[in-house]
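Before any comments, here is the structure.
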Amino acid sequence: MDQLYGFSKEKKFLIKNYHKNSLANSIIFSGQKGIGKSTFVFNFLKEIFKLSVNKNQIKHHLNLIDNNSHTNIKYLTKDFDDKLKKEKTIITVEQIRKLNNFFYETTFDNLPKFIIIDSADDLNINASNILLKILEEPKNKTYIFLISHQLSSLLPTIRSRCLKFIFKNYSFETFKMILNDKIDINNEESLKFLFDLSNGSPGIALKLQDEDIYHLYDDIL
């Protein structure tokens, strides 16, 4: 997984609550798209497993998390449509229904289980209502993390069931640090251009960089 930049206070708060066995079963992580919310969640999960497993097993669990193959973690995103050869526009009802099996299974080695929905904005009304029923029946050592780019897109009943963390956008200095870690941009003007165009979102900026936004911008001018 990618390196985590910032959000150290939020991370310390969650780890402290996990230590005290008072971590909320359902949490929404909200903020602009591309600022590292999923990176934060997976970084936090690694810390949890470091606290929960024997030292000689830590590397194995971290590798499973990095490869998205840990049996105690269910990471849910939009499925790929093989017929249309593109990503589906929503997270389907069937995908949420399948979570029930995982939700009620016994945990492996009594370790915590995590469901991550990225992003919960992609749930339609029917899928949201099924998820709401799951949220209404919290289970010990089973946690549901909802990643949202637009908090208002979630049902009010879902929002009311969850602890909420709203992540602010990065400063330009942190934005610059993240981009320089990913790609080689020595031009300060180019970085400021991407910062303004992406509203300070490194994820969006990297996508714009891949789409060669500079040439497109010159063409428009």
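Quick notes
- Condition check for K176: in contact (Cβ under 8 Å) with a residue 60 or more places away in the chain, out of contact with any strand residue (DSSP E or B) (no Cβ under 7 Å at 6 or more places or on another chain) and not hydrophobic (A, V, I, L, M, F, W, C): no
- Some residue of segment 16-23 being modelled with pLDDT of 95 or more and of a type in the set (F, W, Y): no
- If you go through segment 48-80 and keep only what is crowded, with 16+ Cβ neighbours inside 10 Å and in a helix (DSSP H, G or I), you end up with I48, F49, S52, H61, L62, I65.
- Cβ pairs under 8 Å, 6+ apart, first in segment 1-28 and within 15 Å of S52 (Cα to Cα), second modelled with pLDDT under 95 and acidic (D, E): I15/E47
- Subset of segment 162-192 that is farther than 30 Å from S152 by Cα and of a type in the set (D, E) - its residue that is surrounded by the fewest Cβ atoms within 10 Å (Cβ to Cβ): D184
- Look at (1) surrounded by fewer than 16 Cβ atoms within 10 Å (Cβ to Cβ); (2) in contact with an Asp or Glu (Cβ under 6 Å, 6 or more places away or on another chain) and you find that S38 fails only one, number (1).
- Residue list for segment 117-142, filter: touching a Lys or Arg at 6+ places or on another chain (Cβ under 7 Å) and either within 13 Å of Q95 (Cα to Cα) or assigned to a strand (DSSP E or B) (or both): D122, I130, T142
- Filter result (assigned to a loop (DSSP other than H, G, I, E, B) and exposed (fewer than 13 other Cβ atoms within 10 Å of the Cβ)) within segment 106-116: T106
- Filtered residues of segment 81-103 (kept if open to solvent by 70 Å² or more (accessible area, probe 1.4 Å), at pLDDT 90 or above and under 19 Å from the mean Cα position of the chain (by Cα)): T89
- Residues that are under 16 Å from I28 (Cβ atoms) and either among the basic types (K, R) or within 18 Å of the chain's Cα centre (by Cα) (or both), drawn from segment 104-134: F114, I115, I116, I117, D118, S119, A120, D121, D122, L123, S128, L131
- Filter result (buried (at least 16 other Cβ atoms within 10 Å of the Cβ) and not polar (S, T, N, Q)) within segment 133-150: I134, L135, Y143, I144, F145, L146, I147, H149
- Any hit, segment 86-105, residues being in contact with a strand residue (DSSP E or B) (Cβ under 8 Å, 6 or more places away or on another chain), aromatic (F, W, Y) and under 19 Å from S148 (Cα atoms): no
- Here F44 clears all of (1) without any contact (Cβ under 8 Å) to a residue 24 or more places away in the chain; (2) touching a Lys or Arg at 6+ places or on another chain (Cβ under 7 Å); (3) open to solvent by less than 60 Å² (accessible area, probe 1.4 Å) except the condition numbered (1).
The values are calculated or read from the model by the stated rules, or taken from the named source; none is laboratory data. Predicted, not measured: the structure shown is a model, and the values here were computed from it. Cβ: placed from backbone, ideal geometry, glycine included. Neighbour counts: every protein chain shown. Protein only, heavy atoms only, side chains kept; ligands, DNA and RNA dropped before computing areas. Shrake-Rupley method; radii C 1.70, N 1.55, O 1.52, S 1.80 Å.
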